[in-house]
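Worksheet for the structure shown next.
The values are calculated or read from the model by the stated rules, or taken from the named source; none is laboratory data. Just so it is clear, the structure is predicted and the values come from calculations on it, not from any experiment. Note that each Cβ is placed from the backbone with ideal geometry, even for glycine, and that neighbours are counted across all protein chains shown.
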Amino acid sequence: MKIYKFGGASVKDADGVRNISSIIQNHKGNELLIVISAMGKITNKLEELTSAYINGQEDVHQIFEEVKLYHFNLLNQLFSNHDHPIFNDIINTFVEIDWLIEEEPEDAPDYIYDQIVSIGEIVSTKIVAAYLGTLQNNIKWIDARNFIHTDNTYREGLVNWEKTEAEIKKGLAPILKNNIVVTQGFIGSTSENFTTTLGREGSDYSAAIFSACLDAESVTIWKDVPGVLNADPKWFDVTEMIPHLSYHDAIELAYYGATVIHPKTIKPIQNKNIPLYVRSFLNPDAPGTVSKDLKNHLP
Ligand code: ASP
């Protein structure tokens, strides 16, 4: 069982989604769980929408229209058949935001934030799963909120590991035997079934949670960089990719600002000694960086 995680940059347009499908088609053999973020910069846009709603700004509907337009443009490029059920599915998913912003904002802002911002992940995974489904018939969309259980600290949900692991083992592992599963990063739910989020950039962490609970063989984070670099290419002209990294160094790098891996990601997979690959979705044949326990896995 392997876990692939794709961030917003990898699904920012129709070509990005097509590229994911070719990476998936090259994946041979064992079980695969795909964790996907919201498309492009949609989380930022939904954050804007949330504050416009909470502050009673007039442009709330305008921002929402931009979010919808972005997704429908992408759908139109991916699906020549406009009767495909995905169009209605996405319309219906966005209705949840319509209902919410019709009412006065009375709930706590962080709660409202999670109910709105999480929709980015829901629509992106529905679109990718539907597209992959046109190419192969073993694709299954799964709602991560049925598996990732948190407390009700909205915007920074604290994972209930015991419940999460039990549900994943009971409900998700059997589905993975016969299906490639597509699910969301970043989101979970409370014991009352309200949506929570795990903190910005939290999809890497979701991939780590699923991997740890499924005892995955490896996790691959597909990025727009060749792997973990020894310096930030924004500031340095010459950078080098680090092919092997210990978990310890990966944590250090993440905490000291290398934005390649989310800091919370490493611990759960280190505990289970699961190798973490960072690879380029622009050059999927390149090996990228692998983080693992270098004591036990000398190259
Ligand atoms: N979509 C969320 C964000 O942009 C989570 C993620 O991409 O990891 O923060």
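Applying the selection to region 2-18, what residues are assigned to a helix (DSSP H, G or I) and not polar (S, T, N, Q)?
Those that are assigned to a helix (DSSP H, G or I) and not polar (S, T, N, Q): 8, 9, 11, 14, 15, 16, 17, 18.
If you scan region 30-70, which residues turn out to be within 30 Å of residue 138 (Cα to Cα) and under 16 Å from the mean Cα position of the chain (by Cα)?
Hits for region 30-70 are 32, 33, 34, 35, 36, 37, 38, 39, 40, 41, 42, 43.
Could you pull out the residue among 163, 170, 140 that is of a type in the set (Lys, Arg), more than 16 Å from residue 206 (Cβ to Cβ), in a helix (DSSP H, G or I) and away from the ligand (no atom under 16 Å from the Cβ)?
170
Go through region 200-221 and count every residue that is part of a loop (DSSP other than H, G, I, E, B) and either touching a Phe, Trp or Tyr at 6+ places or on another chain (Cβ under 7 Å) or more than 8 Å from the ligand (Cβ to nearest atom) (or both).
Final tally of qualifying residues: 4.
Kindly provide the set of residues from region 148-177 that are among the hydrophobic types (A, V, I, L, M, F, W, C), within 26 Å of residue 47 (Cβ to Cβ) and touching a residue at least 40 places away in the same chain (Cβ under 8 Å), ordered by number.
Result: 148, 159.
Residue pairs, Cβ under 8 Å, 6 or more apart or interchain, first in region 119-138 and surrounded by fewer than 24 Cβ atoms within 10 Å (Cβ to Cβ), second of a type in the set (D, E, K, R) and in a loop (DSSP other than H, G, I, E, B). List them.
122/143
Over 13 Å from residue 188 (Cα atoms), among the charged types (D, E, K, R) and within 16 Å of the ligand (Cβ to nearest atom): does that describe residue 110?
yes
Of all residues in region 93-107, how many are without any contact (Cβ under 8 Å) to a residue 24 or more places away in the chain and within 21 Å of the chain's Cα centre (by Cα)?
So the answer is 1.
Here's a check for you: in region 17-44, which residue that is under 22 Å from residue 205 (Cβ atoms) and of a type outside the set (A, V, I, L, M, F, W, C) is farthest from the ligand (Cβ to nearest atom)?
So, considering only residues that are under 22 Å from residue 205 (Cβ atoms) and of a type outside the set (A, V, I, L, M, F, W, C), the one farthest from the ligand (Cβ to nearest atom) is 31.
Looking at region 51-64, is at least one residue modelled with pLDDT of 95 or more, touching a strand residue (DSSP E or B) at 6+ places or on another chain (Cβ under 8 Å) and within 16 Å of the ligand (Cβ to nearest atom)?
No: zero hits.
State yes or no: is residue 172 of a type outside the set (Gly, Ala, Ser) and exposed (fewer than 15 other Cβ atoms within 10 Å of the Cβ)?
no
Which number in (1) out of contact with any helix residue (DSSP H, G or I) (no Cβ under 8 Å at 6 or more places or on another chain); (2) under 30 Å from residue 174 (Cα atoms); (3) crowded, with 16+ Cβ neighbours inside 10 Å; (4) without any contact (Cβ under 8 Å) to a residue 40 or more places away in the chain marks the one condition that residue 2 misses?
Here residue 2 clears every test but (4).
Only one of 183, 190, 196 is more than 26 Å from residue 27 (Cα to Cα), away from the ligand (no atom under 12 Å from the Cβ) and buried (at least 24 other Cβ atoms within 10 Å of the Cβ). Can you tell me which?
196
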